[in-house]
Every structure is written in structure tokens, then in C-alpha cells.
1. Within segment 1-126, how many lysine pairs that are 8 or more places apart, or on different chains, have C-alpha atoms less than 18 Å apart?
2. Want the number for ASP12 to ARG127: 0.36 nm per residue separation, take away the alpha-carbon distance, what's left?
3. Of the listed peptides 83-93, 34-44, what is their order by residue-averaged count of other C-beta atoms within 10 Å, with the highest listed first?
4. Under the 0.36 nm per residue contour assumption, what length would be gained going from the current alpha-carbon distance of HIS102 and GLN29 to full extension?
5. Could you give me the ³J(HN,Hα) list for segment 32-47, computed from phi with Karplus coefficients 6.51, -1.76, 1.60 and θ = phi - 60°, whole Hz, x at Gly and Pro?
Amino acid sequence: MNLHTLIATYKDGRSYQALADSSNGAISQKAFQSIATRETKAFPSADTIKGLATALNVNQRTIINAIAESLDLCQEDPTGPRSPQAVADLEEQHAKLLEKLHHLQEQNYYWENHAATYKQYRRHFTRLQPIAQQRPWLIAGTQHQANHIKTIAGEQQ
């Protein structure tokens with residue numbers, strides 16, 4: 001619906017002066033009549049759009065869409081009717097996105113638990129490390145393994 005049709009539809013028999021008065025002073029009577037009767041050549045100011053919306057008791061998006069149609073600007077209504085194939089495609093994309101989301105949630109759960117386990121092991125290791133350096137046979141089980149651990153520890157330092 002272009003702007004002229006919108007104004008004619010929502011004018012409800014009111015005069016341009018009455019419409020101007022109901023725009024809360026944003027649009028004069030002369031400007032309202034000009035907008036309603038002359039060809040739309042450019043987008044009006046934001047105040048004019050707000051005044052039109054208030055006077056006609058419609059939302060500003062309706063006014064903007066009507067102006068865009070009057071100016072022959074390309075508009076796509078994202079909520080408009082869709083073909084059965086388009087609906088099927090959207091449902092398929094939706095299903096794939098939900099599957100991907102589920103997979104990411106599983107990965108997130110795994111890594112959160114993995115990180116918690118790692119932190120727990122790290123805490124135990126930090127606590128046991130001084131004991132292991134003093135008495136490696138407690139950790140290793142035999143003196144041979146303890147000597148091997150001392151050799152490795154010496155190489156790492």
C-alpha cells in the first residue's frame with residue numbers, strides 16, 4: 001500500500017486540519033495536504049513520519065513501508081507468505097541448526113567437565129609433588145622406579 005492509499009484509508013473522513021492537529025504539531029495542515037495529494041519524491045523527516053503515524057493511528061513501520069512503496073524501493077516482507085518449498089527449506093535449515101546447537105552443547109559439557117577434572121588432578125599433583133621429590137619410592141613403588149623418576153626429574157630441570 002503506497003502512502004496516498006494509506007492516508008486515504010486511515011483518514012476516516014477527517015479534514016487535513018484535523019489530521020494536522022492530531023499529529024501533535026509535527027505536520028501543518030498544508031504539509032499534510034501536500035503529502036496526501038502530491039507525488040512522493042523522497043523520504044520525509046523522522047518527525048514527519050512520527051507525525052503521520054500519530055495522526056493516522058498506525059505504527060511508524062507502516063508509514064515507512066508505504067513511503068518505500070510510493071518511491072518504488074525494493075522491499076521484502078520477512079513475514080510474508082512463503083512457498084511450500086521455501087517453508088521446507090527453512091525447516092531443514094532449522095533442524096540443522098538445532099542439531100549443531102545440540103552438538104555444541106555436548107562439546108561444551110564435555111570440556112567443562114574435562115577442565116574441572118584437569119584442575120582437580122593438577123591440585124592433587126601440586127600437593128603431592130613435594131612428597132614425591134622427597135620419597136619417590138612412595139609414588140613409584142620400587143627403588144628402581146624411584147631412581148628412574150629422579151633421572152627424568154633431573155633431565156627436566
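Only the coordinates and a few stated rules stand behind these numbers; no lab work does. Keep in mind it's a predicted model, so treat the numbers as computed, not measured. Cβ atoms come from the backbone with ideal geometry, glycine included; neighbour counts cover every protein chain shown.
1. Pairs that pass both the separation and distance tests number 4.
2. Working: separation 115, 0.36 × 115 = 41.40 nm, distance 8.27 nm.
Separation in residues times 0.36 nm, less the Cα-Cα distance, equals 33.1 nm.
3. Numbers: 83-93: 9.8, 34-44: 12.5.
Peptide ranking by packing, descending: 34-44, 83-93.
4. Details: separation 73, 0.36 × 73 = 26.28 nm, distance 5.85 nm.
Gain on stretching HIS102 to GLN29: 20.4 nm.
5. Calculated HN-Hα couplings, in order: 4, 5, 5, 4, 6, 10, 9, 5, 7, 10, 7, 5, x, 5, 4, 5 Hz.
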